[in-house]
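First comes the structure, then the notes that go with it.
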Amino acid sequence: MKKGLLLCVCQGTCPSFKGMDIFEVLNTIRREKLVDFVSIHPQLCADDGDGFLATLMSNRDLDALFIAGCDPRMQQKMFKDTFNEAGFDPQKHFAVDIRNMTTQQAIDAIKDLIKKSVSEK
Ligand code: SF4
């Protein structure tokens with residue numbers, strides 16, 4: 001099962017992400033080998049974010065994409081069209097809101113999401 005994690009951080013300027021070290025969040029998840037790759041994007045809901053997702057989705061081997069950023073319902077709405085156009089099943093997108101969290105809280109929230117997605121399979 002191939003899994004990837006994206007962090008999206010509202011351009012890095014939003015106060016909601018100031019309480020955490022985003023690189024340490026990614027480092028922890030990759031050091032523990034909980035996913036096959038990690039990445040960060042400053043603004044997935046911008047046009048170039050759609051392009052980034054479409055390029056990533058062209059890898060049809062991806063079984064799960066975790067996106068940590070804003071509200072899961074917002075994510076589902078914003079990325080639905082791109083996923084559909086790319087032929088990526090939106091059911092393989094797992095979202096978690098990490099705004100206003102500390103580094104450890106964000107790590108724990110992402111780990112919970114990954115654990116939950118595996119137990120749903
Ligand atoms: S997708 Fe969400 S977290 Fe990313 S820039 Fe847009 S509003 Fe911010």
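The values are calculated or read from the model by the stated rules, or taken from the named source; none is laboratory data. Because the structure is a prediction, the values reported are computed rather than measured. Because the Cβ atoms are built from the backbone with ideal geometry, glycine has one as well, and the counts that use them run over all protein chains shown.
Could you check SER16 against (1) in contact (Cβ under 8 Å) with a residue 60 or more places away in the chain; (2) within 19 Å of LYS2 (Cα to Cα) and say which number it fails?
Going through the list (1) in contact (Cβ under 8 Å) with a residue 60 or more places away in the chain; (2) within 19 Å of LYS2 (Cα to Cα), SER16 breaks only (2).
In region 59-69, is there at least one residue being surrounded by fewer than 15 Cβ atoms within 10 Å (Cβ to Cβ), in contact with a strand residue (DSSP E or B) (Cβ under 6 Å, 6 or more places away or on another chain) and farther than 19 Å from HIS41 by Cα?
Within region 59-69, the subset surrounded by fewer than 15 Cβ atoms within 10 Å (Cβ to Cβ) is 59-61, 63.
So of that shortlist, the ones also in contact with a strand residue (DSSP E or B) (Cβ under 6 Å, 6 or more places away or on another chain) come out as 61, 63.
Those left that are additionally farther than 19 Å from HIS41 by Cα: 61, 63.
Within region 59-69, one or more residues are surrounded by fewer than 15 Cβ atoms within 10 Å (Cβ to Cβ), in contact with a strand residue (DSSP E or B) (Cβ under 6 Å, 6 or more places away or on another chain) and farther than 19 Å from HIS41 by Cα.
Is there any pair linking a residue in region 29-45 that is without any contact (Cβ under 8 Å) to a residue 60 or more places away in the chain and over 23 Å from CYS10 (Cα atoms) to one that is among the aromatic types (Phe, Trp, Tyr) and surrounded by fewer than 17 Cβ atoms within 10 Å (Cβ to Cβ), with Cβ under 7 Å and at least six apart or on different chains, and which?
none
For region 50-63, does any single residue satisfy the condition of being modelled with pLDDT of 95 or more, hydrophobic (A, V, I, L, M, F, W, C) and closer than 17 Å to LEU113 by Cβ?
Within region 50-63, none of the residues are modelled with pLDDT of 95 or more, hydrophobic (A, V, I, L, M, F, W, C) and closer than 17 Å to LEU113 by Cβ.
Does VAL35 meet the test of being within 16 Å of the ligand (Cβ to nearest atom) and in contact with a helix residue (DSSP H, G or I) (Cβ under 7 Å, 6 or more places away or on another chain)? It would help to see each step written out before you state the result.
Working: within 16 Å of the ligand (Cβ to nearest atom): no; in contact with a helix residue (DSSP H, G or I) (Cβ under 7 Å, 6 or more places away or on another chain): yes.
In short, no.
Here is a check on your reading of the model: is GLY12 within 16 Å of the ligand (Cβ to nearest atom), touching a Pro at 6+ places or on another chain (Cβ under 9 Å) and small (Gly, Ala, Ser)?
Details: within 16 Å of the ligand (Cβ to nearest atom): yes; touching a Pro at 6+ places or on another chain (Cβ under 9 Å): yes; small (Gly, Ala, Ser): yes.
It is true that GLY12 is within 16 Å of the ligand (Cβ to nearest atom), touching a Pro at 6+ places or on another chain (Cβ under 9 Å) and small (Gly, Ala, Ser).
Determine if region 92-110 includes at least one residue that is out of contact with any helix residue (DSSP H, G or I) (no Cβ under 8 Å at 6 or more places or on another chain), of a type in the set (Val, Ile, Thr), without any contact (Cβ under 8 Å) to a residue 24 or more places away in the chain and surrounded by fewer than 18 Cβ atoms within 10 Å (Cβ to Cβ). Step through it out loud before you land on a result.
So the first thing to find is which residues in region 92-110 are out of contact with any helix residue (DSSP H, G or I) (no Cβ under 8 Å at 6 or more places or on another chain), and the list is 92, 102, 104-105, 108-109.
Still in the list and also of a type in the set (Val, Ile, Thr): 102.
Restricting the remaining residues to those that are without any contact (Cβ under 8 Å) to a residue 24 or more places away in the chain gives none.
No, region 92-110 has no match at all.
Quick grid of which residues meet (1) within 10 Å of the ligand (Cβ to nearest atom); (2) over 18 Å from LYS3 (Cα atoms):
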residue: THR28; (1), (2): no, no
residue: CYS45; (1), (2): yes, yes
residue: ASP61; (1), (2): no, no
residue: GLY69; (1), (2): yes, no
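MET78 - would you say it is in contact (Cβ under 8 Å) with a residue 60 or more places away in the chain and either surrounded by 13 or more Cβ atoms within 10 Å (Cβ to Cβ) or part of a helix (DSSP H, G or I) (or both)?
Working: in contact (Cβ under 8 Å) with a residue 60 or more places away in the chain: no; either surrounded by 13 or more Cβ atoms within 10 Å (Cβ to Cβ) or part of a helix (DSSP H, G or I) (or both): yes.
So MET78 fails the test.
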